[in-house]
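A short write-up of the structure that comes next.
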Amino acid sequence: MPKRKLNVALIGYQFMGKAHSNAYRQVARYFDIPVEPVMKVICGLNAEGAANAAARLGWEESSADWQQVVRRPDIDMVDICTPGHMHAPMAIAAAEAGKTVLCEKPLANSLAEAQAMLSAVTKAGVPHGICHNYRKVPAIALARQLIEEGRLGTIYHFRAAYLQDWIIEPSFPLVWRLQKELAGSGAHGDLNAHIIDLAHFLIGDIAEVCGHMVTFIKQRPKLAKAAGGLAATSSTAEMGEVTVDDATLFLARFENGAVGTFEATRFAQGRKNCNRFEINGSKGSLAFDLERMNELEFYSADDPAHAQGFRTILATEGVHPYVGAWWPPGHIIGYEHTFVHVLYDALTAIAEGRPISPNFEDGVRNQAVLEAVEVSAQERRWVSPGSLL
């Protein structure tokens, strides 16, 4: 029986556009899903760049007019992979046109925008999802399974850090991620958004936060406009203000009584993409590091005293989440596979008439925590994310 076709428009063709494009190409080849995505059109502000991306990434056609694309009657789903300041207008327009909407994280640049997006998809009655792809790492999905089975007992601690170093040099230019009007925030929205979502996924809702934000390098060389894109800066480049955080740290109290520590920085020399967490409970502990993403460390107090210690579970067995669709045990998977898993879950949910998970509701909860941390850092006090909703 032929599978239902779902025509997709992808907006954005850089880093996340490439990751999503690969996932659309692979998902129906490895997973048995009742709906097949059709890579109809990829869209970008630069017509030539979009055309090149279509040819390179496997899309049928390209466009430089996202507003026209989201209104097209042949498009069923709009996938948004743009800088944050464009998420709200694109998602709202797509919802009003009756399209399924998938959006990169964080959902928006502010809580007000995120709430407007949720309101739009709710009013339109369209499926909606947010691409928190780290939920879909098999080892992290296994961590949730172990917690739900009670293997950790009462949860006491969640400590997480997301560490990178790619902007540590003062000569690094003033790219869009360093401008608040485009990115919303710096390491906070870019990195803390991921570990906040993992905290929600694994531990539960956050009741209160107390944050500190810092910008270490306050001016950077501006990028020069050039034919075909942006040119490299020179030693005499004009300087511009960095208007986002370089690092954000915060304490958290969870509604279930657990406590948390969160750190996000792009100034951790030597750390390229270190997303790690440890969870401690009354009966055991778990630890994970994205740079060793196929491994989950597990400690059980139920083990006999002479055999206690952290064990490393290689989450590549067919019994582990998502892995059965891929390779034999021990044959590891990578970062790109997490986006395939996002699409597998989203497309299956759409076909079965269930809400996509995670979705815009999760995005709003995440945005409330992000905003509460900013308020806390500015006002030097504990803030409840719920008070902002």
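The values are calculated or read from the model by the stated rules, or taken from the named source; none is laboratory data. These numbers come from a predicted model, not from an experiment. Here the Cβ positions follow ideal geometry from the backbone for every residue, glycine too, while neighbour counts run over all protein chains shown. When the accessible area is computed, the model is the full protein with side chains, heavy atoms only, and any ligands, DNA or RNA have been set aside. Shrake-Rupley method; radii C 1.70, N 1.55, O 1.52, S 1.80 Å.
For the chain, what is the accessible area per residue in Å² when the probe is 1.4 Å?
Accessible area per residue: 43 Å².
Tell me what the chain gives for mean residue ellipticity at 222 nm when only DSSP H runs of n ≥ 4 count, each as -39,500 (n - 2.57), the sum divided by the residue total, rounded to 500 deg cm²/dmol.
-9500 deg cm²/dmol
Just to verify a number: FRET efficiency for Glu96 and Asp302, C-beta to C-beta distance, R0 = 35 Å, to 0.05?
Computed FRET efficiency for Glu96 and Asp302: 0.05.
Under the rule a/c < 1.5 gives rounded, and otherwise a/b versus b/c splits prolate from oblate, where does region 319-381 land using the Cα gyration tensor?
Judged from the Cα gyration tensor, region 319-381 comes out oblate (a/c at least 1.5, b/c at or above a/b).
Calculate the FRET efficiency for Ser357 and Lys3 from the Cβ-Cβ distance with a Förster distance of 25 Å, rounded to the nearest 0.05.
It comes out at approximately 0.70.
Please report the carbon-and-sulfur percent of the accessible area for the chain; probe 1.4 Å, protein heavy atoms only, DNA, RNA and ligands left out.
52
Which of rounded, prolate or oblate describes region 1-47 when judged by the alpha-carbon gyration tensor and an a/c cut-off of 1.5?
oblate
Take the alpha-carbon centre of region 145-192, take the same for region 322-337, and report the distance between them in whole Å.
Cα centroid of region 145-192 versus Cα centroid of region 322-337: 25 Å apart.
Treating only the Cβ of Lys, Arg, Asp and Glu as charged (+1, +1, -1, -1), what charge dipole size does region 74-125 show about its Cα centre? Round to the nearest 20 debye.
Using Cβ point charges on Lys, Arg, Asp and Glu, region 74-125 gives about 180 debye.
Hey, if you put +1 on the Cβ of every Lys and Arg and -1 on every Asp and Glu Cβ in region 10-167, which of His87, Ala55, His132 ends up farthest toward the positive end of that dipole?
His132
Evaluate the distance, in nm, between pseudo-label points positioned 7 Å from the Cα of Thr243 and of Ser171 along their respective Cα→Cβ axes.
Each label point is offset 7 Å from its Cα along the Cβ direction, giving 2.7 nm.
Span-like helices, the chain: DSSP H, alpha-carbon axial extent 18 Å or more, mean Kyte-Doolittle -0.5 or greater, which ones?
Qualifying helices, which must be both long enough and hydrophobic enough, are 111-124, 335-352, 360-379.
For the pairs Lys105/Lys283; Lys40/Lys123; Lys18/Lys40; Lys18/Lys123; Lys3/Lys105; Lys18/Lys99, flag any whose C-alpha to C-alpha distance is greater than 24 Å.
Exceeds cut-off: Lys105/Lys283; Lys40/Lys123; Lys18/Lys123; Lys3/Lys105.
Checking the a/c ratio against 1.5 first, then a/b against b/c, what shape does the Cα gyration tensor give for region 243-389?
Since a/c reaches 1.5 but b/c is at least a/b, the shape of region 243-389 is classed as oblate.
Could you work out the relative contact order of region 268-380, using alpha carbon pairs under 8 angstrom and six or more residues apart, expressed as a whole percent?
12
Rounded to the nearest 20 Debye, what is the dipole magnitude of region 1-102 about its Cα centre when Lys and Arg each give +1 and Asp and Glu each give -1 at the C-beta?
Dipole magnitude for region 1-102 comes out near 240 debye.
Charges at C-beta only: +1 for Lys and Arg, -1 for Asp and Glu. How large is the resulting dipole of the chain about its Cα centre, in Debye rounded to 20?
For the chain, the charge dipole is close to 420 debye.
Below 8 Å between Cα atoms, with a sequence gap of 6+, how large is the relative contact order for region 1-85 in percent?
About 40 percent, as a whole number.
So for the chain, averaging the separation of alpha carbon pairs under 8 Å that are six or more residues apart and normalising by length, what relative contact order in percent results?
That works out to 20 percent.
Leu45 to Lys222: FRET efficiency via 1/(1 + (r/R0)^6), r the Cβ-Cβ distance, R0 25 Å, to the nearest 0.05?
0.85
Roughly what % of DSSP beta bridges within the chain run antiparallel, to the nearest 5?
Restricted to the chain, the bridges split so that about 60 percent are antiparallel.
What distance in nm separates the simple spin-label points at Arg253 and Arg144, each placed 7 Å from Cα in the Cβ direction?
Between Arg253 and Arg144, the label points sit 2.7 nm apart.
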